Structures are given as structure tokens and as C-alpha cells.
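Notes follow once the structure below has been shown.
The values are calculated or read from the model by the stated rules, or taken from the named source; none is laboratory data. Computed from a predicted model, the values in this text were never measured in an experiment. Cβ coordinates were reconstructed from backbone atoms using ideal geometry, including for glycine residues, and neighbour counts include every protein chain displayed. All accessible areas refer to the heavy atoms of the entire protein, side chains included, with ligands and DNA or RNA removed. Shrake-Rupley method; radii C 1.70, N 1.55, O 1.52, S 1.80 Å.
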Amino acid sequence: MGWMIGRAAVVSDPEAARRKALEKLQGLAEMDDPETLVVPILIDAILIAEAYRGARHQITQLPELTQSVDALLRELTIIEKSAQWAAE
């Protein structure tokens, strides 16, 4: 996904990374039922944070924890593309 915020960007300028993420999330208003996607992501974010807390090894659950994030990003990308096509 082209908009992804890389680790280097987050580490070097966290505020700019937050602004970029917030800009992307503004598309939530156009979704039919954003809560069904957002709540599981918040839960996953909590689990990710807890999994990383004090960890000194590779987190094996990370791919499963990021599935809902990927689903949300796909939906937001579809909304953005639809808006671009409608404007053309």
C-alpha cells in the first residue's frame, strides 16, 4: 500500500507520521459501519503493545494481530480511489 508509514518515518518524525495516519483515517466517515472495523483494531493495538512490552524476541503473533489493520486500510484505499474516479 503506497501510503504506508515506514518505521524510519515514525522514528524520525512521529508527529508527521501521526498527521499522515490521521489524514488517512478521515475516510472513516464515508464507510457504512466504521465501528465494526475500528473496535477490533483498537483491541489489536492493545494486544500489539502488550506483546511488545519488555519483549526481547520476535513477536510470532504479529501477522495475526495486523489483519484487521490491513482490512481497514484496504477499505480506506477503496474509498479514496472511488472518490478520485468520481472526480475525474
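Results, tabulated for the structure shown:
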item	result
Estimated inter-spin distance, Val38 and Lys81, nm [label 7 Å along Cα→Cβ]	2.4
Carbon and sulfur %, accessible surface of the chain computed with the full protein complex present, 1.4 Å	59
Length-normalised contact order of the chain in % [C-alpha pairs under 8 Å, at least 6 apart]	30
For the chain, accessible area per residue (1.4 Å probe, heavy atoms of protein chains only), Å²	77
Backbone HN-Hα couplings from phi across segment 66-80 [Karplus 6.51/-1.76/1.60, Hz, Gly and Pro as x]	9, 4, 5, 5, 4, 5, 4, 5, 4, 4, 5, 5, 4, 4, 4
Difference of contour (0.36 nm per residue) and Cα-Cα distance, Ile48 to Glu23	6.7 nm
